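A short write-up of the structure that comes next.
Since every read-out is calculated from the coordinates, none of them should be taken as a lab result. Source: prediction; values computed, not measured. Heads up, the Cβs are rebuilt from the backbone with ideal geometry, glycines too, and the neighbour counts pull from every protein chain shown.
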Amino acid sequence: MVMKIDRDASRFRQIVRGKIRENLRKYVTHGEMIGRKGNDLVSIPLPQLDVPHFRYGQNGRGGVGQGDGEIGQPIAAGDPDGEGGEGQAGSDSAPHVLEVDITLDELAAILGDELQLPRIEPKGKANIQQDKVRYTSVRRIGPESLRHKRRTYVEALKRQITEGSYRHAEPRVVPIKDDRRYRSWEHVPEPVANAVIIYMMDVSGSMTDEQKEIVRTESFWIDTWLRSQYQGLERRYIIHDASAKEVDENTFYHTRESGGTRISSAYKVCHDLVSNKFDPAEWNIYCFQFSDGDNWGEDNRSALGMLKETLLPKCNLFCYGQVESPYGSGEFYRVLEEAFGSEHESLVLSEIENKEGIYESIKKFLGKGK
Amino acid sequence: MSALTSLHRFRSLTPEMIDIQRQMEDHARSYGLDFFNTIFEVVDHDQLSAVAAYGGFPTRYPHWRFGMEYEQLAKGYSYGLQKIYELVINNDPCYAYLLGSNGITDHKLVMAHVYGHCDFFKNNYWFSHTNRKMIDEMANHGNRIRDYMDRFGVEEVETFIDACLSIEDLIDLFAPHIKRRNEKAKYEFKDSTEEEHDKPTATRFQAKSYMDSFVNPKAAMDAEVEEKQKELDKKENFPPEPMRDVMLFLLEHANLKPWQVDVMSIIRDEAYYFAPQAQTKIMNEGWATYWHSTIMTRHGMADSDLICYADHCSGTLAGSRTRLNPYKLGVELYRDIEDRWNRGAFGEEYDECDNYHAKRDWNKEKGLGRQKIFEVRRVHNDLTFIDEFLTLDFCRQHKLFSFGFNDDSGYYEIESREFEKVKQRLLFNLTNVGRPIIYVKDANYKNRGELFLEHRYSGVELQTNYAQDTLANLFKIWKRPIHIETMLEDSRIVLSFDGQEHSRTGEQKQKGK
């Protein structure tokens, strides 16, 4: 049944999208508000999508309640934004925060529109396709291991009913050979997963939790955007201090290690990874490196060398994001800038001062559309 | 088959349910309930959410807020947070929606409850001026607005609706019951008999010329001229008297296109239609609850229904510390009134008795209870209901308290258990359905056609950010700067919006500069 409500609901969603667009910067910088949930849906709290009225402020709110309690006893928390409950007799007093669910793809589209990210052009390797087997139909012959039990049973039942050998009192269904049905497959060409993101993070003693949060938020958005562009995106994570290793996603975000910093170690692991698993002829490779820029002095030379010789030629894009740190000298950014200039073809440098800077940084990283 | 059923393919009642309906209707009539013919529709929860989002009218005009409402209701239901049991529409015939997935006990209860509401709609005075063919009217509204959307664009019409909704509560709740002014012809807004006033002159008594300065002293004469001039000036005020029905004022005087006038009048009509429901929430729900519990416990219930009924009932009547349950408060008050009038515990003699035991055991065997509550449901609204019948004993017995917001702690805290304060707080929340009272004071402010509104301050400030947004929406309608006079931090100030920016003027200069 199609009710008119569908039209209103979609109109509402449209408005919400506009609203999200308006406030996108806020959502980007407050990454913690967006938690990834099941089914790739995210909930976004949307305060105040109501029609404004003249109404009483919080100081006049209040009402009459029922039950035990001493005078002065708190009974409900007020909202710090001054949006407290209605508190009227007869109307619900729960604070009214609207949550809307949108899919990550939708979010990515909104992000793309708002940040004016160009649609990323595949390298031309997206044409590489691989046959994949899908079980889509049923036929009369096949291996026993693929026998479709339900269909076989239904056939047998149909046959018995038409023959008149089926009895309600004693419903015994015995399939004969003609009843048997088997699953059958066809080959479906599918584009191969062809993009990999390699995140590298400096986890040396100078990276604080706050800086990791910035990295986390930024990675989330980069991830969201790239996922909307490529199907079957691979992600790899590398952490390093004086030495580097590949880790899983969870470790990447939650590790706290201390020690010195040797950026070249991360480049080495990254390079090994690329050469072993991700052939640049078939893969779009995106590297994102986050650090506070505090590298051991003598390592700069070898790090630069590796970047120039081995990594940059293989990557679509190499992004270096430098998080400002109370401890780090932030030297590496300057080193890179001197070595490659700020207009390098596949290297993007960005300094992220604080959470507010994430938005600009993403724009800078992905704005190139490589 | 009813019109709605065929229109929206709702399911019709099963024979079992028809049977129950007949029983419930008979029980309700046997108690003297008097209602319009009532038509029940069976819907699934998705349909019910949709219908509820439309305020009960599936044919209502399109607007995003209904979609929002629907998403929330549907989500709330699927997460198991809330469930709408019943939905009744004030119309002749009355329409009520039943949730198809409910059990048979629930259907019995809901039907009994619905008959309570129908009786209330038909007989309560505050509903007497509502349109009883509202289903048709709403469909008509929906078609008109859809037509405008086709002609002028969804965005354009919707933006205007949004602006109108911002002021939909600025109506005169008592207007349907009072004649405020002589009716004008609907589309004739200019006063045709406009008189030119001469300069006023003072009354001059006859006197000989040498006595004149004594009989008609100059000072007195001047004073009188001034007085008359003031009177005249007042007549030239526009509007002559502050006007409570801001929407009506704008309808008649704002520079609007014909379709805008129509859209606004639609929203105003609907606001007036829904107003009595907000004004009688406690009474209406209380009345329906009173009757479903009376009918169910005395007749309707089979043994097998008991647990289910009790479970449902306790859910509906559960109290909360932050929210006064209108079902609970309403039904308890009716029962209290019934009990008092049965015992004769009212009137001068009772009031003046100061012996607690005597009052408690007071019984004159008057037996007027049932009669009294029928009278109450006819004449009162929530405000007068609470004012008249909320007693000290009731307040204590039901452990009522008032709470307010504490700025320092950021919490809502229990303020008082004193009867006077509790009652006052409750009455305040019910006055003008809990909304600030606002008048149009001057529509030619500064002689520049600016609109000046006045908030009748009663101790509680307006929420500034909402007020500013509302002013911005008003600007879309009036198209000239808008001002509202109110109190903030104990000083009189004026919030203004001139189409570009918001400003605040008033006695806060020491702060502002």
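What the table below lists for this structure:
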quantity	calculated
Segments B:473-480, B:387-394 sorted - mean Cβ within 10 Å per residue, highest first	B:473-480, B:387-394
Where the Cα pairs of segment A:134-223 fall when distances are cut into 10 Å bins, in %	13, 23, 13, 10, 11, 14, 11, 4, 0
Förster-model FRET efficiency, 56 Å R0, residue A:282 and residue B:274, C-beta, rounded to 0.05	0.30
Shielding by partners, peptide B:57-68 (average Cβ within 10 angstrom, other chains)	6
Cross-link table A:4/B:133; B:122/B:179; B:257/B:281; B:122/B:364; B:359/B:421, entries beyond 29 Å C-alpha to C-alpha	B:257/B:281; B:122/B:364
Packing-based order for B:158-166, B:136-144, using average beta carbon neighbours within 10 Å, highest first	B:158-166, B:136-144
Inter-part distance where segment B:162-177 and segment A:181-249 are each reduced to a Cα centre, Å	55
Helix-derived mean residue ellipticity, 222 nm - over chain B, DSSP H n ≥ 4, -39500 (n - 2.57), to 500	-16000 deg cm²/dmol
Under-5 Å amide H pairs with residue A:289, H placed in peptide plane, nonlocal only	A:200, A:319, A:320, A:321
Mean projected area (nm²) of the alpha-carbon convex hull when segment B:76-145 is viewed from all directions	6.5
Average beta carbon contacts from partner chains per residue of B:395-404, 10 Å cutoff	5
Amide hydrogen neighbours beyond the local backbone of residue A:284, cut-off 5 Å, H modeled	A:195, A:196
Cross-link partners of residue B:83 among aspartates and glutamates (Cα-Cα below 19 Å; sequence separation of 8 or more within a chain)	A:92, A:99, B:41, B:44, B:46, B:69, B:71, B:106, B:285, B:311
Isotropic mean projected area of the C-alpha convex hull, segment B:436-512 (nm²)	5.0
Kirkwood estimate for the protein assembly as shown, i.e. one over the average of 1/r between Cα atoms, Å	34.0
In order through segment A:222-228: 3J(HN,Hα) via Karplus (6.51 cos²θ - 1.76 cosθ + 1.60), integer Hz, x for Gly, Pro	5, 4, 4, 5, 5, 5, 6
Spatial separation of Cα centroids for segment B:97-133 and segment A:292-355, in angstrom	71
Cα gyration tensor shape for segment B:253-328, rounded if a/c is under 1.5, else prolate or oblate	prolate
Shielding by partners - mean other protein chain Cβ count within 10 Å, residues of B:460-468	6
Mean projected area (nm²) of the alpha-carbon convex hull when segment B:318-431 is viewed from all directions	8.2
Listed peptides B:327-336, A:284-293, B:15-24 by packing density, highest first (mean Cβ within 10 Å)	A:284-293, B:327-336, B:15-24
Distance from segment B:419-480 to segment B:40-63 (C-alpha centre basis), Å	32
Vicinal HN-Hα couplings computed from phi for segment B:383-395 (Karplus, 6.51 cos²θ - 1.76 cosθ + 1.60; Hz; Gly/Pro x)	4, 6, 4, 5, 4, 7, 10, 7, 10, 4, 4, 4, 4
Label zone at residue B:30, where the point sits 7 Å out along the Cα-to-Cβ direction: segment B:318-357 residues whose backbone N lies under 12 Å	none
Positive-pole candidate from A:284, A:320, A:366, dipole of segment A:195-366, charges at beta carbon	A:284
5 Å-binned pair-distance histogram of segment A:195-366 (Cα, whole percent)	2, 9, 20, 24, 23, 16, 5, 1, 0
Label-point separation in nm, residue A:242 to residue B:223, each point 7 Å along Cα→Cβ	10.1
HN-Hα J in Hz across segment B:211-220 - Karplus 6.51, -1.76, 1.60, θ = phi - 60°, x for Gly and Pro	8, 3, 5, 8, 6, 10, x, 4, 4, 5
Rg over Rh, two decimals, chain B (C-alpha only, Kirkwood Rh)	1.04
